[in-house]
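Contents: one structure, followed by commentary.
The values are calculated or read from the model by the stated rules, or taken from the named source; none is laboratory data. Note that this is a predicted model, so its numbers are computed, not measured. FYI the Cβ positions are ideal-geometry reconstructions off the backbone, even for glycines, and counts take in every protein chain you see. Surface areas here come from the heavy atoms of the whole protein model, side chains and all, with no ligands, DNA or RNA. Shrake-Rupley method; radii C 1.70, N 1.55, O 1.52, S 1.80 Å.
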Amino acid sequence: MNLRLPFMARLIWPASVGVAAVVALLYFAIHQPWLGATFTTGAANEVQVVDARSSSAAGPQRLLALEGEHGASITIKASDLVEEPDTFATYAEMAGFFERQTAIHSLLQQPTVRLRVLDKSGDERVVIVPVAPERPLSDLPSAFWVQLFVGLVAWLVGVWVWSLRRSDAATGLFALVSFGVLGFTFPAALYSTRELAIDGQFFRILSIMNHGGALLFGAAMIALLLRYPKPLVPAPWLYMPFVVFGSWWVADSLWLFDGPPMGSHLPTVLEMVGIVLCAALQYWRARGDPGARAVMRWFGMSILGGAGAFVLTVIAPSMMGFAPLLPQGYAFVFFLLIHVGIALGVARYRLFDLDRWAFRILFHMTAAALLLLVDVMLISWIAIGPAPAFGLALAVVVLFYLPLRDTFAGWLSGRGEPQRATWFQDLIEVALTPSDQDREQRWLALLKAVFQPLRISPGPSATAPELLAEGAALAIPAIGSLHAQRLEYAMHGRRLFSPRDVARAGELCAMLAHAMDSRIAYEQGVAEERGRITRDMHDNIGVQLLGALHSRDAARKDALIRDTLVDLREIINNSAGLGLTAGELMADLRAEIADILSNAGLTLAWNMDMVPDFPHQAVPALRSILREAVGNALRHAHASTISIALFRQGDEMVLTIEDDGRGFAADAIVPGHGLENMRARVAGLKGRIAIDPASPGTRITAHIPMEA
């Protein structure tokens, strides 16, 4: 049965290993004899002791020897204080160093020791110092805690990445890289921050562990780069770095070489060369794959940034004769930066941002390197003071490097700033293109111009632009009649899509959606205006022409035709009723309808003693309803009287048109354009209309809200 543990449960035992290592480190660091003094190397390569617990030893004094209670005496040398024993040229010198550490440590097992010192006046004297069996936790220097922090965090980051994808060989190799960091930082933290001495045999074991951790780190890095992001060799070859450098470590541990330069320094250099070569091969192999290129850029920039910072703060000052800017214990933090950077690449965390972050690190490191280089050149060649040289170097970097940085960034990353000025014009052309097919083609052309993808294909449904496949693709949502699209590999495959591209795509989609909505609203407005003109011509012009047709008086016929032309102009301009009161408008309608009915031989009963105050926007609808109802009565009702009433009922205006004609059967009515236009007019004013049989004739009742 395959038992699948929760994510946090999978982290318990690796985290427990880290906690156990911390406990062991603290145990051995505390359980060491303690004098309460600080030993340093003076200018003349002499050993000085300061801050001794005995008040008689106050102030820095030259330490000549360490003496025991039974006459044993050991002369303390500057070489006894070295942080790394592999700085010796031969194994014989290392053996002598370990023997002296054992002797000093044995002397410190006594309750008290005597420090033979030379004070500032040149007088030799002896200071008796009690030896505590344990070192206080508060006495551990900050360099100890920095190295502990680096090793523990590196291990936890490694097991976190491994827990994300335990079946992936790359994450397993990275976990070994993390274990290597833990392996060389914890032993170094113990012996490099010792007060004066630890047992020589224990010291040698710690040194072997330190070398093993360093070589494991390099071998696992080589194997990782042989595997990730592209497999460069068959899987069995991944064991080769471990076999080669593991054998080398065993030989070094057994002192089979001439000394540390061959046993530990040379394999470290070879591992660094192997890491660089594998990284270069991976970058070459990843051509055409922006995802792999992004990982390799991040790997390279992380290594360059961390190693470059270590070189600038420790190695470069030492080579130029200056004191290191940081102690080596603190400089281990830069290796943690490398480790975290590689972890992000292996975990493929925000892969689309890795190349951007990598270039930022590159440019910052380049600026720092240029600043240091120009500063050293000014001091060495022109022989000016450090402060003026630094100010002048800073001015040179600001004036010459920073203006070119953005140009270099665009050239290296393949990013060209899109021409935003042309977006609006292109989007308007897309929105106003009448054909759906042509509109789609113009939209695809705009996406190609902005993002320059390798491929565009139909995409998944999405509500907004989003990154797909860790930045390898960008989803563009459907907009109106335009289909959703999937863009793959930006800038002709030279980089991944990033959150900046998502924001840019969102801006494009929002602008296009707004332009298309505006076009649709315009087309709807045009259609509504055409419908209004059609209804008005049917309702008003038709009724007036019908009245002229029934008129037997030629002069009257001409007057009706002239009125029809006036109404036609009003319909086109949509200006009916402007500038007149409600009473004046209804008076005009009464005169018009009474004239039409009189010519047709019908009687008008007008009941509007108190005209409601209604808005002018309702005038065209009221007139159309009245004219349509009167026209229907003239054509179909064979009536003798038509009654019209307009009054206010609560929050509504009620209009009734009733004739005494022959009426109709409710189930036999066939709606025509006239009835539909009346209903549309009333619906446009948020009202309702009813057409019912009367006794006799027909009654039309329209209820229109006053706020309409």
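Results, tabulated for the structure shown:
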item: All positions within region 25-46 that are without any contact (Cβ under 8 Å) to a residue 12 or more places away in the chain and within 18 Å of residue 119 (Cβ to Cβ); result: 43, 44
item: Those residues of region 657-675 which are modelled with pLDDT of 75 or more, open to solvent by 30 Å² or more (accessible area, probe 1.4 Å) and either within 23 Å of residue 619 (Cα to Cα) or part of a strand (DSSP E or B) (or both), in sequence order; result: 658
item: Tally, over region 114-124, of residues that are out of contact with any Leu (no Cβ under 8 Å at 6 or more places or on another chain) and either buried (at least 16 other Cβ atoms within 10 Å of the Cβ) or touching a residue at least 24 places away in the same chain (Cβ under 8 Å) (or both); result: 2
item: Elements of type strands (runs of 3 or more DSSP E) in region 429-496, at least 1 residues being farther than 16 Å from residue 514 by Cβ, open to solvent by less than 10 Å² (accessible area, probe 1.4 Å) and in contact with a helix residue (DSSP H, G or I) (Cβ under 9 Å, 6 or more places away or on another chain); result: 473-476, 485-488
item: Some residue of region 509-529 being under 20 Å from the mean Cα position of the chain (by Cα), farther than 16 Å from residue 427 by Cα, at pLDDT 80 or above and assigned to a helix (DSSP H, G or I); result: no
item: Candidate set: region 601-627, residues that are assigned to a helix (DSSP H, G or I) and modelled with pLDDT of 80 or more; chosen: the one surrounded by the most Cβ atoms within 10 Å (Cβ to Cβ); result: 626
item: Extreme residue, farthest from residue 91 (Cα to Cα), among residues of region 160-172 that are surrounded by fewer than 24 Cβ atoms within 10 Å (Cβ to Cβ) and aliphatic (A, V, I, L, M); result: 164
item: Residues located in region 685-701, provided they are over 60 Å from the mean Cα position of the chain (by Cα), among the hydrophobic types (A, V, I, L, M, F, W, C) and open to solvent by less than 30 Å² (accessible area, probe 1.4 Å); result: 694, 700
item: Single residue of region 242-268 satisfying the filter (under 41 Å from the mean Cα position of the chain (by Cα) and at pLDDT 95 or above) that is nearest to residue 215 (Cα to Cα); result: 245
item: Residue 500 being at pLDDT below 85 and open to solvent by 60 Å² or more (accessible area, probe 1.4 Å); result: yes
item: Scope region 248-287; condition of a type in the set (A, V, I, L, M, F, W, C) and farther than 14 Å from residue 218 by Cβ; matching residues; result: 250, 251, 254, 255, 256, 257, 262, 280, 281, 284, 286
item: Output for region 279-294, where each listed residue is in contact with a Leu (Cβ under 7 Å, 6 or more places away or on another chain) and either modelled with pLDDT under 75 or open to solvent by less than 10 Å² (accessible area, probe 1.4 Å) (or both); result: 282, 290, 291, 294
item: Test set (1) farther than 30 Å from residue 16 by Cβ; (2) modelled with pLDDT under 90; (3) open to solvent by 10 Å² or more (accessible area, probe 1.4 Å); (4) of a type outside the set (Phe, Trp, Tyr) - residue 111 fails condition number; result: (2)
item: Identity of the residue in region 269-278, modelled with pLDDT of 85 or more and touching a Gly at 6+ places or on another chain (Cβ under 9 Å), that ends up most open to solvent (accessible area, probe 1.4 Å); result: 270
item: Inter-residue pairs, beta-carbon under 8 Å, first on the phi > 0 side of the Ramachandran plot and in region 282-297, second modelled with pLDDT under 70, 6+ apart; result: 288/493
item: Qualifying positions in region 191-219 - over 37 Å from the mean Cα position of the chain (by Cα), open to solvent by 10 Å² or more (accessible area, probe 1.4 Å), in contact (Cβ under 8 Å) with a residue 24 or more places away in the chain and under 29 Å from residue 273 (Cα atoms); result: 192, 204, 208, 209, 210, 211, 212
item: Members of region 73-98 that are modelled with pLDDT under 85 and farther than 30 Å from residue 261 by Cα; result: none
